[in-house]
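The values are calculated or read from the model by the stated rules, or taken from the named source; none is laboratory data. No experiment lies behind these values; they were computed from the predicted model shown. Quick reminder, even Gly has a Cβ in these numbers, built from the backbone with ideal geometry, and neighbours come from all protein chains shown.
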Amino acid sequence: MSVADRAPASRTRTWRPPWGELTVQQARRLWGWAFLSPWIIGFLAFYFFPMIASLGFTFTDLQLTQPDKVSFVGLDNYRTLFKDAYVGKSLRVTFSYMLLALPLSLIIPLALATLLNSRRLWGRRLFRTLFYMPYMVPVVSLVYIYNGYLNAQSGWLNRFLGEVFGIKGPVWLYSSTWIYPALLMFGVWGCGNAMLTLLASMQTVPTELYEAAKVDGANAITVFRRITLPLITPMIFYNLILSLIGLFRYFDIPYIVSRGTGGPNDITLFYNLYFYRVAFQFDRMGYAATLAWLLFVIALIVTGFFFATARKWVYYAGWSD
Amino acid sequence: MSRKLTITLVLVAMLAAMALPFSSAVAQEEPVVITWFIGLGAGGQPQHVEAQNAVVEAFNASHDDIKLEHIVVENEVATDTLATLIASGDAPDIIGPVGIAGAWSFAGSFLDLDPIIEELNYDLSRWPEALVDFYRDPEQGLTGLPFATFSSFIFYNRDMFDVAGVPYPPQAFGEPYADGDPWDVDKLREIAMLLTLDANGNNATSPDFDPANIVQFGYSPIWWNDDIRSGVTSPFGAGSFYDPETGKAVMPENWREGIKWLYQAWHTDHFAPDYAYNQSDMLSAGNGFDANAVAMGYSHLWYTCCLTNVPNWDIAVVPSYNGTYTSKLHADTFKILKYTEHPKEAFAVLDYLVAGPAMPDLLQVYGAFPSDPAFSESFLAALDERFPWGVNWDVALESFNYPDNPSHEGNMPNYREALVAVRNWTINMEATPGLDVDAEIEALLATLQPIFDAAK
């Protein structure tokens, strides 16, 4: 029984709007909507209506610099999608990089979280802070730091390779072979957040389960595989979805590294970079909106696929089939 | 309705009624806001910002009816930012200084100044007529007023020449090099290699030279936007990727030669920094001459804006190619966008910037030679004050006689898309050794042709 229900009837005051008296339940619902309204208004104004508008743009030849000369072009932009070689190329780049980056974005934080969860590790708090700290560095600063670090001529990494191993380091940021490893290094640098959430999840695993496993003679690998890993699958799933969406939105790092060119040889022409180029450099906002919607549909399908498989491998306490 | 609520509403209504005359009076006195967008040409460097702030302050102090506000954006993102501002309905009133490339990127977006000039009976006679006509477009009318021109030449570091024992390059057109040989691209290559040093002090002609550890380069184009047109026009001559008669993407033979020369300089002769070197701290991310790491930097008069570290430099004429000199030219102006709601007030600001009190200061800070001949002498005197060791400015003046025609910055249909393709190609050439240059040129033309065709 709520406080309101326990209040004496004579002291219960209901708000009476001009159109008549509301029941307590209606009034509560109204207040609920009132409190939600800032978010709803924000969502409608800044997400929903712009999305609908962008859908409308896909049927026009809107140009940023000539917004007054917009005209209806029907499905021309959708036809262009199939003829534009850069659509396939940029999607290939995005998915190729995703195949490399997605597993790493889970495995490395998981490994670090496992390490930091170990009771035998000295200075756990210090390491937690150190691993998490890079996540606080703004991406743009990070990229500029790495640009210097990986510069083929003056970068520390190549100097180290030269001085210690006597080998000439590659042109990391402008080599078709080495650019992906370089970008993966950027990604690893910022894995602190995923590590922290996985660590938090690991610490919620009931200790009785570990004690029981110990009594049964299970070794560390078995304990990790049979107890820890299954129980943290919700957090792994959460990080998987975040990483997936992050990779579909991947833009700022390749943009700064390649100075917007998508080089070398278009190998960093990620889909969003191509979208940006079409929208803001080529000034074809109508077609760019079509590209954005294509990405939205692809991301929806891929994310939906992972959600569909989640019931088979993600453990949720309280679920029963 | 309760009594309290009625009284409150009446009081609010009375207060509002009392405030109304004051608010309309205030509204009448409020100045028109004119926004000035800076970044498409000069203006985005830290050295410019202070002077531009002072211009805005001075303008606002002297005008009650107009309030000038300015937006400064870095050159690399200026085009995209301006496009976004226009699309979002926040188009600025005035842009500039804007060069030829910037103007091409926003062709069709400028206000025709002729009707305002006619209405105000504005005097254009202070500028040479040909210079005014330079900004006249057959479709858009007069889109700007002459402000500044920038010739180009070689900035050379005297100390580096002295240490290497290499004579300085010539300072007059037609004059041979110190050894009597013609001052041409071959001689430039020869002395640039002598001036290129590795960490052990070997120059680029030495068999012991280590290209992985270069500490000083002989030659480099400076702040050329990784646009091959800019890299080869001086010294190899004017040209264009577009043939307006056939509508085809073409490679002028002089540019083909220039590209091969530059590619060899980056990757074989090593006297010019390749992409990795250019992005390194040692070359101050492309500003190697001011970082004291380049003996000869090719740039425009505007580069004087930002020469703060290199102590003892002078300027020399561009070398010839096949007996012809080409000193590529930049021309900057301010333009009013056609989206402005206050064209007359915007024109007042335009006048203040190109012909009013702001003009001398802005010309100095931009390193821009005045289009108004009356200001030439004072401009050069001010440059001498800034660089008191004696720079031969006759080189800059004489270089105006050898402009590139057509301009290296213009003349491509579907300009912004074509420019992206050209820049991407340039960076790839700059960064990748071992390419077949002729095959890469054909690939560039194959990329450009559909871009040009799309504009039809």
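Yes/no matrix, rows are residues, columns are (1) touching a residue at least 60 places away in the same chain (Cβ under 8 Å); (2) away from chain B (no Cβ under 12 Å):
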{"position": "A:Ala111", "(1), (2)": "no, yes"}
{"position": "A:Asn117", "(1), (2)": "yes, yes"}
{"position": "A:Leu130", "(1), (2)": "no, yes"}
{"position": "A:Val137", "(1), (2)": "no, yes"}
{"position": "A:Gln153", "(1), (2)": "no, no"}
{"position": "A:Lys168", "(1), (2)": "no, no"}
{"position": "A:Gly187", "(1), (2)": "yes, yes"}
{"position": "A:Ala194", "(1), (2)": "yes, yes"}
{"position": "A:Leu198", "(1), (2)": "yes, yes"}
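Remark: B:Leu444 matches the filter, which requires a residue to be more than 11 Å from every other protein chain (Cβ to nearest Cβ) and either crowded, with 21+ Cβ neighbours inside 10 Å or basic (Lys, Arg) (or both). The set of residues from the range B:104-140 being more than 17 Å from B:Asp332 (Cα to Cα), more than 14 Å from chain A (Cβ to nearest Cβ) and at pLDDT below 85 comprises just one member, B:Pro138.
In the range B:420-437, the qualifying residues are those that are more than 7 Å from chain A (Cβ to nearest Cβ) and assigned to a helix (DSSP H, G or I), and the one that is nearest to B:Gly258 (Cα to Cα) is B:Val437. Condition check: over 21 Å from A:Gln63 (Cβ atoms) and not polar (S, T, N, Q). Does B:Ile94 satisfy that? Answer is yes for this residue. Residues being in a loop (DSSP other than H, G, I, E, B) and free of Cβ contacts under 8 Å to residues at least 24 places away in the same chain are entirely absent from the range B:66-83.
When we screen A:Ala279, A:Ala299, A:Ala289 for residues that are touching a residue at least 40 places away in the same chain (Cβ under 8 Å), assigned to a helix (DSSP H, G or I) and surrounded by fewer than 21 Cβ atoms within 10 Å (Cβ to Cβ), the only hit is A:Ala299. Residue count for the range B:402-419, restricted to those that are closer than 27 Å to B:Ser327 by Cβ and either outside any helix (DSSP H, G or I) or without any contact (Cβ under 8 Å) to a residue 24 or more places away in the chain (or both): 12. Looking at (1) over 30 Å from A:Val278 (Cβ atoms); (2) surrounded by fewer than 16 Cβ atoms within 10 Å (Cβ to Cβ), which one does B:Glu74 not meet, given that it meets all the others? Single failed check for B:Glu74: (1). The set of residues in the range A:178-191 being out of contact with any Leu (no Cβ under 8 Å at 6 or more places or on another chain) and more than 13 Å from B:Ala431 (Cβ to Cβ) consists of A:Pro181, A:Leu183.
When the helices (runs of 4 or more DSSP H) confined to the range B:264-371 are screened for residues that are buried (at least 24 other Cβ atoms within 10 Å of the Cβ) and over 17 Å from the mean Cα position of the chain (by Cα), those reaching at least 1 such residues are found at B:275-278, B:343-354.
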